[in-house]
Amino acid sequence: GAVVSQHPSRVICKSGTSVKIECRSLDFQATTMFWYRQFPKKSLMLMATSNEGSKATYEQGVEKDKFLINHASLTLSTLTVTSAHPEDSSFYICSAPRLRDRGNEQYFGPGTRLTVT
Amino acid sequence: QKEVEQNSGPLSVPEGAIASLNCTYSDRVSQSFFWYRQYSGKSPELIMSIYSNGDKEDGRFTAQLNKASQYVSLLIRDSQPSDSATYLCAVNANTGTASKLTFGTGTRLQVTL
């Protein structure tokens, strides 16, 4: 079954509003989670690393004030897209690493499709 | 130079054949290697992980790793139309802590009837 959940799966919002996306690790703790975005037929793009108890680490070119990340607990990270614009419309996916065998395997949530009108 | 390289495809194989997907990486300290399958409009799904040189088999899937050549591959035996998807190769430099994955751009596989 799923090990990482995301909510909502799909959201439509108007320009200028903010949208919060939740990512939860199910029955395991994740001190680190990752947020990606993906445009149609394009590669995954890592946006930021969410760290429980400290600030998120953003990739180059990602606006931290626009994409607010809060790792509130060992099983929950949230991504808030502030003052959304149509160009923010994308598929947002989180992942969480889980220790397996000899390493951390990353499991992805089902994704959130954001449409900004 | 890209850190993880894959042929974008599409790779077309007939049903029942073996599909061979290849990936090369540039960082020699890489320790963990993963294959993900992504259907159109869905998020990636982990299908294989491999850490040591050699082969690792799981059902119809076999991952092969050659660290000296910096090469990792995925074989899919008895390919089915449901295997049609984009396959992402991912590499992680550190096994002990949760560090970032570096992804290839993916190879699109088409299994034809």
**Report entry** Count of region A:34-60 residues which are within 10 Å of chain B (Cβ to nearest Cβ), farther than 16 Å from A:T75 by Cβ and polar (S, T, N, Q)
**Finding:** 4
Requested in this report: Search region A:83-109 for residues that are in contact (Cβ under 8 Å) with a residue 60 or more places away in the chain and facing chain B (nearest Cβ under 10 Å) and pair each with any residue that is surrounded by fewer than 19 Cβ atoms within 10 Å (Cβ to Cβ) and among the aromatic types (F, W, Y) when their beta-carbon atoms are under 6 Å apart and the residues are at least 6 apart or on different chains.
Outcome: A:R98/A:F28
Report summary line: Only one of B:S79, B:S52, B:S69 is at the interface with another protein chain (Cβ under 10 Å from one of its Cβ atoms) and assigned to a loop (DSSP other than H, G, I, E, B), namely B:S52
Query raised in the report: Among (1) assigned to a strand (DSSP E or B); (2) of a type in the set (A, V, I, L, M, F, W, C); (3) surrounded by fewer than 20 Cβ atoms within 10 Å (Cβ to Cβ), which single condition is A:A96 missing?
Result: (3)
Requested in this report: State all residues of region A:101-117 that are closer than 23 Å to B:Y39 by Cβ, of a type outside the set (A, V, I, L, M, F, W, C), part of a strand (DSSP E or B) and out of contact with any His (no Cβ under 8 Å at 6 or more places or on another chain); if no residue qualifies, say none.
Outcome: A:E105, A:Q106, A:Y107, A:R113, A:T115
Query raised in the report: Right, A:F67: of a type in the set (F, W, Y), surrounded by 13 or more Cβ atoms within 10 Å (Cβ to Cβ), within 12 Å of another protein chain (Cβ to nearest Cβ) and touching a residue at least 12 places away in the same chain (Cβ under 8 Å) or not?
Result: no
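Here, each number is a calculation from the coordinates, and none is a lab measurement. Quick caveat: nothing in here was measured; it's all calculated off a predicted structure. All Cβ positions, even for glycine, are placed from backbone atoms using ideal geometry, and neighbour counts span all protein chains on display.
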